[in-house]
């Protein structure tokens, strides 16, 4: 019998659009991060359904650069030790089995493929992709989480991770929750500062894309990134 709180979470949602049904019919790639976590968590608690628990967990994972500890996960209201252990085990297995990226970034669409699952966030995420000399992906990280329509990032926050990864190149991306893909003056300023810092450090700045759930806009394709790749 399905848990009462799970029923409440999906009340009014067509059966075929509920996470488990979508997973069975369309495969895991069709689900959002929140839906995948909701399946893993399985049930909610009184006063907080499984979708709300998944949102809280997703917020923690977005803020952490590494896999959170069991203590950090179980510190979330509604996620006890058993669920925290299951989440930590899933994250570690995924890192061991699939953590080594080999995809090569050749065009903006390749960047979008790695970050598009962040597009449903209600706040802007500024994301960096560390690349080796062949432009293969070494790591994908959320650098900062901003407001609903704005994120503030300093180059040192971006380059700290790149240096740690011993990256030879990098690209960045951020989502616009509004769905509008035009760059703002603030976006342009951050991009210029990243280019200047990259030139000093001898790193290749491949591109900066702004993305929504369905599309993206590229600084390099639009002639607003001057560095040579």
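The values are calculated or read from the model by the stated rules, or taken from the named source; none is laboratory data. Computed from a predicted structure; not experimentally measured. We place every Cβ from the backbone using ideal geometry, glycine too, and count neighbours over all the protein chains shown.
Is there a residue in region 69-88 that is within 30 Å of residue 206 (Cβ to Cβ) and surrounded by 18 or more Cβ atoms within 10 Å (Cβ to Cβ)?
Scanning region 69-88, I find no residue that is within 30 Å of residue 206 (Cβ to Cβ) and surrounded by 18 or more Cβ atoms within 10 Å (Cβ to Cβ), so the answer is no.
Might you let me know whether region 163-170 holds any residue that is in contact (Cβ under 8 Å) with a residue 60 or more places away in the chain and under 18 Å from the mean Cα position of the chain (by Cα)?
Checked against the condition, which is being in contact (Cβ under 8 Å) with a residue 60 or more places away in the chain and under 18 Å from the mean Cα position of the chain (by Cα), region 163-170 yields no hits at all.
Let's see how each residue does on (1) closer than 14 Å to residue 124 by Cβ; (2) buried (at least 16 other Cβ atoms within 10 Å of the Cβ):
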position	(1), (2)
169	no, yes
185	no, no
194	no, yes
201	no, no
212	yes, yes
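Of the conditions (1) under 20 Å from the mean Cα position of the chain (by Cα); (2) surrounded by 14 or more Cβ atoms within 10 Å (Cβ to Cβ); (3) farther than 21 Å from residue 110 by Cα; (4) modelled with pLDDT of 90 or more, residue 216 clears all except one; give me its number.
Every condition holds for residue 216 apart from (3).
Under 9 Å between Cβ atoms, at least 6 apart or on separate chains: pull out the pairs that start in region 181-194 with a residue that is within 10 Å of residue 208 (Cβ to Cβ) and end on any residue that is modelled with pLDDT of 90 or more and exposed (fewer than 13 other Cβ atoms within 10 Å of the Cβ).
183/222
As an exercise: evaluate residue 130 against (1) touching a strand residue (DSSP E or B) at 6+ places or on another chain (Cβ under 9 Å); (2) closer than 27 Å to residue 177 by Cα; (3) touching a residue at least 60 places away in the same chain (Cβ under 8 Å) and give the number of the one condition it does not meet.
Result: residue 130 passes all but (3).
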